[in-house]
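Report on one structure; see the data block that follows.
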Amino acid sequence: MPRVDTTKTPVEFLTEKQAKAEHARLGVEIAQHDARYYQHDAPSVSDAAYDAMRRRYEAIEQRFPDLHTLESLSLRVGAAPAGRFAKVRHAVPMLSLANAFSAEDVADFAERIRRFLKLAEDEALVFTAEPKIDGLSMSLRYEDGALVRGATRGDGSEGEDVTANVRTVADIPHKLKGKHIPAVCEIRGEIYMTKTDFLALNKRQAAADEQVFANPRNSAAGSLRQKDATVTASRALHFFAYGWGEMSAMPADIQSGMVGWLAACGFVSNPLMQKCGSVAELLDYHRGMEARRAKLDYDIDGVVYKVDRLDLQERLGFVSRSPRWAVAHKFAAEKATTLVRDIEIQVGRTGVLTPVAKLEPVTVGGVVVQNATLHNPDEIERLGVRVGDTVTIQRAGDVIPQVLGVVEDKPRGPKPFKFPKKCPCHLKTDVVRETVAGGGEGVRVRCTGEFACPYQRVEHLRHFVSRRAFDIEGLGEKQIEFFFEQSWLKEPADIFTLPARNKTIKLEEQEGFGETSVRNLFGAIEERRSIALERFIYALGVRHVGETTAVALARGYGSWKAFHDVCLKLAKGDEDAKLEMDAIDQIGETVIESLAAYFGEAHNRGIVERLTKQVKIHDAERPSADSPVAGKTVVFTGSLEKMTRDEAKATAERLGAKVAGSVSKKTDYVVAGPGAGSKLKDAQKHGVKVLSEDDWFKLIG
Ligand code: IVH
């Protein structure tokens with residue numbers, strides 16, 4: 001919750017002591033945001049909020065120059081960008097990879113693929129295996145063989161235009177070599193800096209009293225995202241090409257063939273790529289790379305396996321934001337030990353109280369860590385963690401760091417931690433203990449305050465404006481807290497009435513705001529009055545409705561009205577509505593129950609109603625409106641011979657069809673294989689067209 005502190009005091013009124021504290025606080029916060037932005041490509045604040053933080057930080061340094069040298073450079077994990085770049089929408093999204101951490105995960109990955117493709121046990125399945133470069137992914141667009149744009153990954157759909165910068169990278173050809181180059185080629189790969197160049201750069205930077213970087217990836221990111229491309233040119237950056245986005249024609253039909261073609265075009269491909277014919281060979285490759293890792297002159301954080309045949313890749317398709325045909329097999333997580341300064345209780349959007357260990361900052365795998373989750377009261381008890389203990393922490397991939405255990409031979413904290421019996425909010429609401437079935441979370445403590453609990457309300461608002469939800473520039477976490485504290489914002493609809501209410505609020509007269517920033521903020525709010533359905537659904541913050549689920553729901557229903565109507569029916573316990581939703585891929589009982597509970601609450605219905613009066617919600621983009629089955633409802637029954645049920649469903653959905661589990665008069669096609677029973681009868685009863693598997697293939701072309 002907002003505290004009364006000096007974080008909003010104008011810089012010119014800060015005492016030296018306050019400035020020192022504020023400078024340190026901002027330094028840490030900026031480092032965290034840099035880490036999110038540069039390392040995970042997932043900033044949690046808007047650009048404007050970030051810039052404001054940096055400006056304040058710099059203003060403090062200007063007023064108290066001594067602080068400049070006091071600043072711990074090691075806490076700065078990212079390079080300061082000189083500004084931000086224009087946004088570029090990727091023609092084909094840049095997705096991420098699912099992770100495997102164990103031999104079992106890898107076996108599961110291969111098994112899933114075999115099942116999906118209905119491959120017999122003795123049928124060959126070839127994979128490519130290659131190092132996972134710890135760099136910065138990049139998409140390079142070539143038109144008629146000439147480099148026209150370079151873009152960062154960004155959120156996967158939209159990146160930053162860094163064309164001028166990538167042109168300075170020697171490994172990136174300006175013109176593709178060879179004959180018969182497809183008219184459009186989008187080449188993807190990783191920009192990185194060698195360990196040797198990284199060390200040399202840091203030496204130069206330190207000598208010149210300039211910023212030093214925490215690891216080669218940060219220095220590659222920092223070097224690339226320079227407004228002045230001559231700075232990028234002065235840094236030794238490299239590029240490994242390993243993939244592609246939009247291609248007007250395909251020069252090869254296997255992954256390894258495509259990589260060979262990339263090399264022929266003038267790119268550098270990774271020489272350590274190999275083909276593997278079994279899980280055992282994949283695991284051997286992983287072991288071999290882990291052993292070689294330290295000797296390589298570039299950082300790798302795992303290996304990537306991909307199905308070699310592109311036709312199989314296409315059939316396998318994607319699930320949520322990752323391809324089914326590839327996986328990143330990570331190396332063991334990195335660990336560190338540090339001191340627990342405090343244990344704080346955070347209240348989430350759904351009222352769950354999560355204990356968080358506040359740590360003495362420590363670098364784990366190049367990232368400064370100062371918080372680690374303790375999950376729940378049972379976990380604290382299991383670990384026996386006390387404030388004052390030294391603990392081992394682990395950071396695996398992008399997940400939140402975890403406390404693994406107490407270092408027993410270091411001095412121990414004086415007393416066991418007592419988990420609070422009340423919510424830390426000013427209402428001091430009672431908390432309840434819940435046992436969570438499955439999911440391995442065990443026990444959970446939840447505040448019973450619901451809509452009254454200010455923490456939950458603020459978290460709801462924060463979620464609402466977060467980057468993947470409404471993403472309103474200039475309305476970040478800090479502003480939300482501040483506006484909530486002032487009672488200007490109590491629920492999402494209030495955001496859109498803010499401009500009209502500003503006659504009395506007079507935001508421009510508040511500390512930290514000026515006429516320009518208020519104008520920009522209101523402009524950003526206006527811009528978001530029109531929003532895509534999936535974002536809108538996600539923004540509501542219904543439990544268990546994450547981004548992927550929101551996309552599935554949006555695609556399944558197409559329009560807000562259709563979705564909302566069904567949700568209201570769900571809330572009344574309507575069985576048909578439940579069955580209908582259950583038929584949507586990736587939607588199951590948990591989501592359905594959660595939506596029923598959400599729309600069963602009058603308070604929530606009110607919030608939604610007031611909000612929908614303020615915004616225009618766009619119908620979902622149907623995957624391919626021009627396919628012959630777009631918008632049709634299909635039921636598969638009987639045993640299919642050419643594809644598994646999962647694949648049939650995924651293909652139909654990719655083509656914009658809705659796949660249902662039962663036949664009704666709303667069904668357009670029943671695709672029946674041998675052994676089809678009651679559903680076939682239902683089809684005849686309702687006069688629904690019945691297709692054989694072959695008819696289906698003919699229909700979809
Ligand atoms: S293939 C559909 N191959 O890892 C995604 N990615 O977690 C295909 N990466 O964003 C990606 N080395 O930046 C692929 N040899 C490699 C890679 C690689 C590094 C990065 C890439 C991607 C991230 C996925």
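The values are calculated or read from the model by the stated rules, or taken from the named source; none is laboratory data. The structure displayed is predicted, hence computed values, not measured ones. Here the Cβ positions follow ideal geometry from the backbone for every residue, glycine too, while neighbour counts run over all protein chains shown.
Which members of the stretch 111-169 meet the condition of being of a type in the set (Asp, Glu) and within 14 Å of the ligand (Cβ to nearest atom)?
Scanning the stretch 111-169 gives GLU130, ASP134, ASP155.
Within the stretch 319-336, does at least one residue satisfy the condition of being hydroxyl-bearing (Ser, Thr, Tyr) and at pLDDT below 90?
Looking for residues that are hydroxyl-bearing (Ser, Thr, Tyr) and at pLDDT below 90, one finds at least one in the stretch 319-336, hence yes.
With ALA200, ALA220, ALA183 as the choices, which residue is away from the ligand (no atom under 15 Å from the Cβ), modelled with pLDDT under 95 and not polar (S, T, N, Q)?
Exactly one residue qualifies, and that residue is ALA200.
Condition check ((1) within 28 Å of LYS422 (Cβ to Cβ); (2) touching a Ser or Thr at 6+ places or on another chain (Cβ under 8 Å); (3) of a type in the set (S, T, N, Q)) across all residues:
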{"residue": "VAL445", "(1), (2), (3)": "yes, no, no"}
{"residue": "PRO454", "(1), (2), (3)": "yes, no, no"}
{"residue": "ARG457", "(1), (2), (3)": "yes, no, no"}
{"residue": "HIS460", "(1), (2), (3)": "yes, no, no"}
{"residue": "GLY474", "(1), (2), (3)": "no, yes, no"}
{"residue": "PHE482", "(1), (2), (3)": "yes, no, no"}
{"residue": "ASN502", "(1), (2), (3)": "no, no, yes"}
{"residue": "LEU507", "(1), (2), (3)": "no, no, no"}
{"residue": "GLY512", "(1), (2), (3)": "no, no, no"}
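Say we look at the stretch 68-116 and pick out the residues that are touching a strand residue (DSSP E or B) at 6+ places or on another chain (Cβ under 6 Å) and at pLDDT below 70; which of these is surrounded by the most Cβ atoms within 10 Å (Cβ to Cβ)?
Result: VAL77.
What's the number of the only condition in (1) within 16 Å of the ligand (Cβ to nearest atom); (2) part of a helix (DSSP H, G or I); (3) over 27 Å from the mean Cα position of the chain (by Cα) that GLU314 fails to meet?
It is condition (3) that GLU314 fails.
Is it true that GLU12 is modelled with pLDDT of 80 or more and part of a helix (DSSP H, G or I)?
So GLU12 fits the description; yes.
So that you can scan it fast, the table gives a plain yes or no per residue for (1) at pLDDT below 95; (2) surrounded by 21 or more Cβ atoms within 10 Å (Cβ to Cβ):
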| position | (1), (2) |
| --- | --- |
| ASN371 | yes, no |
| GLU381 | yes, no |
| GLY388 | no, no |
| VAL391 | no, yes |
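Which residues, counting only those in the stretch 238-259, are assigned to a helix (DSSP H, G or I) and within 10 Å of the ligand (Cβ to nearest atom)?
GLN255, VAL259 - these are the residues of the stretch 238-259 that are assigned to a helix (DSSP H, G or I) and within 10 Å of the ligand (Cβ to nearest atom).
It is to be established whether one or more residues within the stretch 563-584 are at pLDDT below 90, exposed (fewer than 15 other Cβ atoms within 10 Å of the Cβ) and β-branched (Val, Ile, Thr).
no
Give, as residue ranges, the helices (runs of 4 or more DSSP H) completely inside the stretch 578-681 that count at least 1 residues that are more than 30 Å from the chain's Cα centre (by Cα) and within 29 Å of ARG114 (Cα to Cα).
No helices (runs of 4 or more DSSP H) qualify here.
Looking at the stretch 171-190, I want the residues that are more than 19 Å from ARG235 (Cβ to Cβ) and of a type in the set (Val, Ile, Thr) and have a partner that is in a loop (DSSP other than H, G, I, E, B) and within 16 Å of the ligand (Cβ to nearest atom) with Cβ atoms under 9 Å, at least 6 apart or on another chain. Which pairs are those?
Listed by first residue and then by second, the contacts come to VAL184/ALA91; ILE187/ILE172; ILE187/PHE267.
Can you tell me how many residues within the stretch 7-22 are of a type in the set (Asp, Glu), under 35 Å from the mean Cα position of the chain (by Cα) and farther than 13 Å from GLU61 by Cβ?
Total satisfying the criteria: 0.
Filtering the stretch 317-332 down to residues that are within 10 Å of the ligand (Cβ to nearest atom) and touching a Gly at 6+ places or on another chain (Cβ under 6 Å), which residue is nearest to ASP646 (Cα to Cα)?
The qualifying residue nearest to ASP646 (Cα to Cα) is ALA328.
Being of a type in the set (Ser, Thr, Tyr) and either touching a strand residue (DSSP E or B) at 6+ places or on another chain (Cβ under 8 Å) or within 14 Å of the ligand (Cβ to nearest atom) (or both) is the filter here; which residues of the stretch 260-290 pass it?
SER269, TYR285
Being aliphatic (A, V, I, L, M), away from the ligand (no atom under 16 Å from the Cβ), under 30 Å from GLY302 (Cα atoms) and modelled with pLDDT of 75 or more is the requirement here; does ILE60 meet it?
When the stated conditions are applied, ILE60 does not pass them.
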